[in-house]
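Working notes, structure below.
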Amino acid sequence: LREPIESGEIHISRTRAKISYPAQFQLVAAMNPSPTGHYQGNHNRCTPEQTLRYLGKLSGPFLDRFDLSLEIPLPPPGLLRQKVITGES
């Protein structure tokens, strides 16, 4: 994906032909912070080495092409089960 992100084109080469397609796009991605989905706390059952190996699958140059990166913390227990009271609009 690095080349299409930088050049805005995808190049396909076959034995008899070469063709280029426009490929300007916006990539939105999400990933878990570890194989178990938990990075910190008592929910994480991975060793630090397993977590580093998991995170190491994405190269630094690839991650550098993301303009925005957010870490979303776990909500407090029970927060997602609370009933939301909404007013009239």
Worksheet item: By how many nm would the segment from Leu52 to Thr86 grow when fully extended, if each residue of separation counts as 0.36 nm and the alpha-carbon distance is taken off?
Response: 8.0 nm
Worksheet item: Which order results if Glu9, Glu71 are arranged by neighbouring Cβ count within 10 Å, fewest first?
Response: Glu71, Glu9
Practice prompt. Name the long-range amide H neighbours of Ile10: under 5 Å, sequence gap of 5 or more, or other chain; modelled H, no Pro or chain starts.
Written response: Tyr21, Ala23
Worksheet item: Placing +1 at every Lys and Arg Cβ and -1 at every Asp and Glu Cβ, with all other atoms neutral, what dipole size does the chain have around its Cα centre, in debye to the nearest 20?
Response: 440
Response to the item:
Log10 I(q)/I(0) at q = 0.13 Å⁻¹ for the chain, from Debye over equal alpha-carbon scatterers, is -0.72
Worksheet entry | Where only C-alpha atoms are counted, convex hull volume of the stretch 50-89 per residue in Å³ | 134
Response to the item:
With -39,500 (n - 2.57) per DSSP H segment of 4 or more residues and division by the full residue count of the chain, the 222 nm estimate, nearest 500 deg cm²/dmol, is -4500 deg cm²/dmol
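Every read-out reported here was derived from the displayed coordinates using simple, explicitly stated rules and does not represent laboratory data. None of these values were measured; they are calculated from a predicted model. All Cβ positions, even for glycine, are placed from backbone atoms using ideal geometry, and neighbour counts span all protein chains on display.
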